[in-house]
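Report on one structure; see the data block that follows.
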Amino acid sequence: MTAQEWPAVNPPDAEKKNHLRDIHGEQVNDPYYWMNAYFKKTADSTQIIQYLEEENRYVDQMMADTRNFQQVLFDEMKSRIKEKDESVPIFKNGYYYYSRTEDGEQYFKYCRKKGSLDAPEEILLDVDEMAKGKAYFSVRGFSISPDNHWLAYGVDEVSRRQYQIYFKDLKTGKVYSDGISNTTGSTVWANDNQTVFYTKNNETTLLTENIMRHRLGEDASKDIVVYHEEDNTNYIGVYKSKNNQYIFIHSSATTSSEERYLDANAPMDEFKVFQPRIKNVLYSVVPLEDRFLVLTNQNALNFKLMETPLHATRQENWKAIIPHREDVLIESVDEFKNYLVITERFNGLMRLVIKNRQTGQEKLLSFDEPTYSVYTTGNAEYFTEELRFAYNSMVTPASIFEQNMRTGKRKLLKQQEVLGDFDKNNYVSEYLYATAKDGTKIPISLVYKKGLEKNGKNPLLLYGYGSYGASMEATFSSSRLALLNRGFVFAIAHIRGGEEMGRQWYEDGKMMKKINTFTDFIDAGKFLIQEKFTSPQHLYAQGGSAGGLLMGAVINMEPNMWNGIIAQVPFVDVVNTMLDESIPLTTNEYDEWGNPNEKVAYDYMKSYSPYENIENKSYPNLLVTTGLYDSQVQYFEPAKWVAKLRDHQKGKNVILFKTEMDYGHGGASGRFDYLKDLALEYAFLFKLEGIKK
């Protein structure tokens with residue numbers, strides 16, 4: 001079988017049922033609307049499951065000749081992972097906390113040691129044991145009481161991101177359930193060791209609506225609502241300051257935010273508003289022992305750092321300590337007794353700046369690779385001179401460093417061990433710029449195996465996202481070696497809608513400027529073709545969630561530019577989803593996409609929404625994946641999109657649609673299971689390239 005030959009099997013033929021969308025004086029028929037049925041438990045619920053299973057069988061039939069190759073790829077990628085491993089311990093409140101994995105086990109053990117790494121190990125949670133017999137199992141939100149007696153954590157066994165909170169007595173080992181369900185899974189302890197605060201979700205929309213106060217051992221029906229969010233476009237959460245003095249409630253939409261705070265020693269008091277929300281102003285608070293720091297974009301597009309007295313929190317008292325800069329975005333601040341560490345973004349790359357709180361002296365941490373990712377991590381202690389940060393690049397495995405902020409001495413604590421014959425010197429990473437059609441320079445990070453000839457014949461996988469201000473970092477992946485070692489180039493297009501080049505980069509790729517995201521990606525692909533990295537016959541693209549929207553848009557706009565597309569959990573039915581407030585998380589997204597109940601927003605999103613713009617033409621080969629329990633992009637979006645694409649497909653290229661019947665947005669929960677999905681995706685690309693081993 002050659003690269004472009006497929007079995008003579010007919011794809012499923014989805015039934016059409018008329019359903020009119022009537023809004024703004026326009027009626028649009030949506031013949032696949034019935035596919036929304038599963039969670040509504042209507043008469044169509046059984047039919048949709050049958051349809052999804054037919055699609056899965058079709059994938060199996062079409063990819064049958066790659067079954068052995070998929071196993072080879074799975075084994076190869078798994079063999080590069082060190083199965084028995086341990087995280088770098090984090091010291092907090094007298095204990096070293098870490099997780100470790102065992103040979104052959106899918107999950108991990110969460111552990112601690114008292115006072116010294118030579119102390120006896122205490123296994124707090126054996127997640128390998130807890131997950132036995134479960135198709136999906138996620139545990140998160142580990143939170144230890146200040147007296148080190150209690151562990152709170154959240155469990156999700158459905159993959160809908162609705163967590164049940166449990167408490168474990170670390171002295172007796174007994175686990176208690178106080179009946180706290182439909183939460184984010186995270187808890188915050190007050191300093192009395194008896195009171196916790198948590199975020200309650202709406203059971204249907206999954207919106208974070210209430211911050212609750214719970215007393216240990218009491219039934220959750222007695223829990224008190226300490227904050228209710230009236231604005232259904234906001235996300236809310238609760239967290240504790242590093243110095244353990246305050247508990248904060250954070251409420252934020254895309255363009256404005258608000259903080260409330262409480263003395264952690266007085267959990268029965270009412271939360272106080274730090275600064276009432278101001279339209280188009282974001283702010284966050286970092287408490288020090290003698291003042292509050294405020295990171296805000298008020299009259300500062302790329303954010304500035306302010307300070308204000310503990311007794312005067314309103315914005316008229318804020319005073320700048322790091323002013324706004326047009327070419328530098330301030331992303332976050334880590335606080336220590338004698339230092340601040342500012343995470344910034346400059347020319348598309350992250351950088352860390354250590355600022356001495358006494359002298360004001362600043363030190364920039366430097367890195368010598370052309371494109372990389374760096375961020376602070378594991379800095380739980382306030383009274384320390386040691387800064388911990390993570391670093392990796394497209395050729396350097398994930399590394400944890402510790403640097404003394406006073407002396408500048410840096411040491412490597414741990415680097416991801418890649419088993420097998422991996423040598424970073426066998427690979428090349430570059431940071432290039434494409435020119436968009438409006439003249440904007442679009443950064444591209446790429447990696448390939450040394451010796452590659454730029455002759456236009458190389459297969460290239462171009463990845464993109466471009467939404468929510470999320471920056472796509474140039475990181476290492478041991479599984480990606482399976483692509484690189486077989487001749488693929490891997491590239492990331494840092495397109496507008498992300499925040500790589502500052503806050504304006506995000507503003508220029510959202511709402512009524514969303515089209516820039518798609519044209520940037522297309523122009524990045526054209527640049528890579530022009531530079532002879534690849535050609536349309538060998539160019540592939542991949543994106544997930546909002547990156548799946550990107551995939552849907554670019555194949556409508558430039559269908560002949562790609563040989564194959566991988567669209568993971570794709571957000572492709574933008575108009576219909578944003579019109580349905582019963583769908584989880586819809587109202588939270590109005591500041592990102594617009595509210596289609598307003599005609600201007602409706603017309604604009606209708607102009608690019610992939611589902612709305614399918615035409616009779618030849619689309620590239622497609623592999624579309626989703627999860628039945630996806631809480632962020634519901635399964636029916638890709639299901640409807642695939643059905644409509646097939647109905648209009650004029651060429652011979654295939655459209656494959658795979659649904660994970662036990663998972664949600666993030667895929668499998670086990671640390672090896674995701675490799676099976678990856679093996680299918682790689683086998684799809686290799687099949688199109690005629691690579692069989």
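Miscellaneous remarks
- Being surrounded by 14 or more Cβ atoms within 10 Å (Cβ to Cβ), in contact with a strand residue (DSSP E or B) (Cβ under 7 Å, 6 or more places away or on another chain), outside the structural domain of L628 (by TED's automatic domain parsing) and within 23 Å of D673 (Cβ to Cβ) is a property that does not hold for K113.
- Checking the stated criteria, I278 turns out not to satisfy the condition of being β-branched (V, I, T), out of contact with any Gly (no Cβ under 8 Å at 6 or more places or on another chain), under 22 Å from R357 (Cα atoms) and not assigned by TED's automatic domain parsing to the domain that holds N191.
- For T396, the test of being in contact with a helix residue (DSSP H, G or I) (Cβ under 9 Å, 6 or more places away or on another chain), polar (S, T, N, Q), outside the structural domain of G498 (by TED's automatic domain parsing) and surrounded by 16 or more Cβ atoms within 10 Å (Cβ to Cβ) is passed.
- Selection within the range 214-226 - buried (at least 19 other Cβ atoms within 10 Å of the Cβ) and more than 11 Å from D178 (Cβ to Cβ): V226
- Residue list for the range 175-194, restricted to those being among the hydroxyl-bearing types (S, T, Y) and surrounded by 20 or more Cβ atoms within 10 Å (Cβ to Cβ): T183, T184, S186, T187
- Residues within the range 332-381 that are touching a residue at least 60 places away in the same chain (Cβ under 8 Å), farther than 23 Å from E307 by Cα, in a loop (DSSP other than H, G, I, E, B) and of a type outside the set (V, I, T), tallied: 5
- Test for N458: is it under 25 Å from G378 (Cβ atoms) and either outside the structural domain of T255 (by TED's automatic domain parsing) or touching a Leu at 6+ places or on another chain (Cβ under 6 Å) (or both): no
- Of the numbered criteria (1) under 17 Å from E230 (Cβ atoms); (2) among the aliphatic types (A, V, I, L, M); (3) buried (at least 19 other Cβ atoms within 10 Å of the Cβ), the one L293 fails is (1).
- Hey, D520 acidic (D, E), within 28 Å of V328 (Cβ to Cβ) and surrounded by 24 or more Cβ atoms within 10 Å (Cβ to Cβ) or not: yes
Let's see how each residue does on (1) among the basic types (K, R); (2) outside the structural domain of L675 (by TED's automatic domain parsing); (3) under 30 Å from V9 (Cβ atoms); (4) modelled with pLDDT of 95 or more:
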position	(1), (2), (3), (4)
I23	no, yes, no, yes
D30	no, yes, yes, yes
R57	yes, no, yes, yes
Q70	no, no, yes, yes
L73	no, no, yes, yes
K84	yes, yes, no, no
P89	no, yes, no, yes
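- Consider the range 139-157 and keep the residues that are in contact (Cβ under 8 Å) with a residue 24 or more places away in the chain and not in a strand (DSSP E or B). The one that is surrounded by the most Cβ atoms within 10 Å (Cβ to Cβ) is S145.
- Among the candidates D573, D630, residue that is of a type in the set (D, E), over 19 Å from the mean Cα position of the chain (by Cα) and at negative phi: D573
- Scanning the range 672-693 for residues that are touching a strand residue (DSSP E or B) at 6+ places or on another chain (Cβ under 7 Å) and either modelled with pLDDT under 75 or under 15 Å from F488 (Cα atoms) (or both) yields E681, F684, L685, L688.
- Selection of the range 250-285 for residues being touching a residue at least 40 places away in the same chain (Cβ under 8 Å), within 27 Å of the chain's Cα centre (by Cα) and buried (at least 20 other Cβ atoms within 10 Å of the Cβ) yields A253, T254.
- Subset of the range 212-257 that is in contact with a helix residue (DSSP H, G or I) (Cβ under 9 Å, 6 or more places away or on another chain) and at pLDDT 95 or above - its residue that is farthest from N201 (Cα to Cα): R215
- Restricting attention to the range 216-231, the residues being in contact with a Phe, Trp or Tyr (Cβ under 8 Å, 6 or more places away or on another chain) and within 21 Å of P146 (Cβ to Cβ) number 3.
- Annotation note: Cβ proximity below 6 Å between a residue of the range 25-49 that is closer than 22 Å to E203 by Cβ and a residue that is surrounded by fewer than 17 Cβ atoms within 10 Å (Cβ to Cβ) (sequence gap 6+ or interchain) occurs for A37/S45; Y38/S45.
- The test for being more than 23 Å from the chain's Cα centre (by Cα), surrounded by 15 or more Cβ atoms within 10 Å (Cβ to Cβ) and farther than 23 Å from K92 by Cα does not hold for V447.
- Looking only at the range 78-110, and only at residues there that are in a loop (DSSP other than H, G, I, E, B) and under 23 Å from the mean Cα position of the chain (by Cα), the one that is surrounded by the most Cβ atoms within 10 Å (Cβ to Cβ): Y107
- Checking each residue in the range 352-378 for being within 24 Å of the chain's Cα centre (by Cα) and surrounded by 18 or more Cβ atoms within 10 Å (Cβ to Cβ) picks out L352, T371, Y372, S373, V374, G378.
- Residue within the range 158-169 that is in contact with a Phe, Trp or Tyr (Cβ under 7 Å, 6 or more places away or on another chain), part of a strand (DSSP E or B) and exposed (fewer than 14 other Cβ atoms within 10 Å of the Cβ) present: yes
- Of the residues making up the range 301-330, those that are part of a strand (DSSP E or B) and either of a type in the set (S, T, N, Q) or without any contact (Cβ under 8 Å) to a residue 40 or more places away in the chain (or both) are K304, L305, M306, E307, T308, P309, K319, A320, I321, I322, R325, I330.
The values are calculated or read from the model by the stated rules, or taken from the named source; none is laboratory data. Keep in mind that what you see is a predicted model, and the values were worked out from it rather than measured. Don't worry about glycine lacking a Cβ; one is built from the backbone with ideal geometry, like all the others, and counts go over all protein chains shown.
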